[in-house]
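Following: one structure in C-alpha cells, then a few remarks.
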C-alpha cells in the first residue's frame, strides 16, 4: 500500500540564517556502522533553493550524512540511524513514511555515473514509467527532450537517443544520470562528489547545471575540493569526525571562520 510522505510530526525550530528558509532540518541525528559511530548528534538546517556544500577531510562522515537525507544509508547492512530528518517539517524516518517516495522526492547523483544498461531514451523514461508519471509516448518524448535539455545533453544526443547509454563519455553519462534523476520531479538534489570522476571540462559542465538548477531545487553536495566549494556554495557545512563543527553562509565561513578546525582546514593544515 502506498503511504503518504507528509506524515505530521513536531516541527523543529529553525536555526537557518534569517534570509534562508530551511527546507531540511536535521535533529539529533546519529548513525552507526555496526558499533562504529559515524555521525554524532548532528543538528543542522539546510536552506531551500540554495547550494549547500558539505566539506571536510576524508572519513569525517560527509557521505554518510548525505545518504541519511534520502534514506539511502539504511540500504547498507549493519547501519543504525536515530534522530530526525525533517523535509518541509515532516520526518522522513517516521514509521508511516514510504522510503521509496522519499528517494523519489530527494534524488542522489552519485560519485560514479551509473547509467542503466539500456538506451539513452530508456534511461530518462525509466523512473517516470515506474512511477506512472506519463500516459503516452508523446508525453514521454517531450519529457525526454525537456530533461536532457536541462542537463545540457540534448544537442549532443538528440540523433542517437536509442544508442546504449554506455556509449556516452563518462561526463555525458553523469549528465544523463542528472536528467534521469530530474525526470521523476524531485524537490531536492543530493550530489556525492558528483564531479570527482570527471575531466575538468565535464566537471565545469556539471557545476554549471547545478548552479542553474538552484532556482528550482534545493541542492546539497559533498566535495573534497575547496575550490569547487567556493565556486558553488551558498551555504557551507564543515564536518570533522562525524560532527558538524561549523555551518553558515558561504561568505561567512570562508572569510571569517569561527572555529579553529575550520580555519585549519581552509588553510590546508587538515
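The values are calculated or read from the model by the stated rules, or taken from the named source; none is laboratory data. As the structure is a prediction and not an experimental result, all values here were calculated from the model. A quick note on method: Cβ atoms are made from the backbone with ideal geometry, for glycine too, and the neighbour counts reach across all protein chains shown.
Checking the structure you have, find out if any residue of segment 190-198 is more than 19 Å from residue 25 (Cα to Cα), modelled with pLDDT under 95, crowded, with 17+ Cβ neighbours inside 10 Å and more than 15 Å from the chain's Cα centre (by Cα).
Looking through segment 190-198, at least one residue is more than 19 Å from residue 25 (Cα to Cα), modelled with pLDDT under 95, crowded, with 17+ Cβ neighbours inside 10 Å and more than 15 Å from the chain's Cα centre (by Cα).
Of (1) within 24 Å of residue 223 (Cβ to Cβ); (2) crowded, with 16+ Cβ neighbours inside 10 Å, residue 101 satisfies all except one. Which?
(1)
So which of 170, 201, 270 is surrounded by fewer than 21 Cβ atoms within 10 Å (Cβ to Cβ), touching a helix residue (DSSP H, G or I) at 6+ places or on another chain (Cβ under 6 Å) and over 16 Å from residue 107 (Cα atoms)?
So the residue among 170, 201, 270 that is surrounded by fewer than 21 Cβ atoms within 10 Å (Cβ to Cβ), touching a helix residue (DSSP H, G or I) at 6+ places or on another chain (Cβ under 6 Å) and over 16 Å from residue 107 (Cα atoms) is 270.
Is it fair to say residue 246 is exposed (fewer than 14 other Cβ atoms within 10 Å of the Cβ), more than 16 Å from the chain's Cα centre (by Cα) and either modelled with pLDDT of 95 or more or under 21 Å from residue 60 (Cα atoms) (or both)?
Criteria not met by residue 246.
Return only the number of the condition from (1) modelled with pLDDT under 95; (2) under 15 Å from residue 192 (Cβ atoms) that residue 62 does not satisfy.
Going through the list (1) modelled with pLDDT under 95; (2) under 15 Å from residue 192 (Cβ atoms), residue 62 breaks only (1).
If I go through segment 246-264 residue by residue, how many of them are in contact (Cβ under 8 Å) with a residue 24 or more places away in the chain and in contact with a helix residue (DSSP H, G or I) (Cβ under 8 Å, 6 or more places away or on another chain)?
So the count comes out to 4.
What pairs come out if I take residues in segment 26-50 that are part of a loop (DSSP other than H, G, I, E, B) and pair them with residues that are surrounded by 15 or more Cβ atoms within 10 Å (Cβ to Cβ) whose C-beta lies under 6 Å away, six or more apart or interchain?
Every condition considered, the pairs that remain are 48/23; 48/218; 49/214; 49/218; 50/234; 50/235.
Just to be sure I understand, how many residues within segment 65-112 are free of Cβ contacts under 8 Å to residues at least 12 places away in the same chain and within 24 Å of residue 183 (Cβ to Cβ)?
Qualifying residue count for the region: 2.
Is one or more of the residues making up segment 72-92 crowded, with 19+ Cβ neighbours inside 10 Å, touching a helix residue (DSSP H, G or I) at 6+ places or on another chain (Cβ under 6 Å) and assigned to a helix (DSSP H, G or I)?
Among the residues of segment 72-92, at least one is crowded, with 19+ Cβ neighbours inside 10 Å, touching a helix residue (DSSP H, G or I) at 6+ places or on another chain (Cβ under 6 Å) and assigned to a helix (DSSP H, G or I), which makes the answer yes.
Restricting to segment 128-144, what's the tally of residues that are buried (at least 16 other Cβ atoms within 10 Å of the Cβ) and outside any helix (DSSP H, G or I)?
Of the residues in that region, 2 qualify.
For residues that are part of a helix (DSSP H, G or I) and farther than 16 Å from residue 228 by Cα, tally how many sit in segment 251-270.
Residues that pass the stated criteria total 6.
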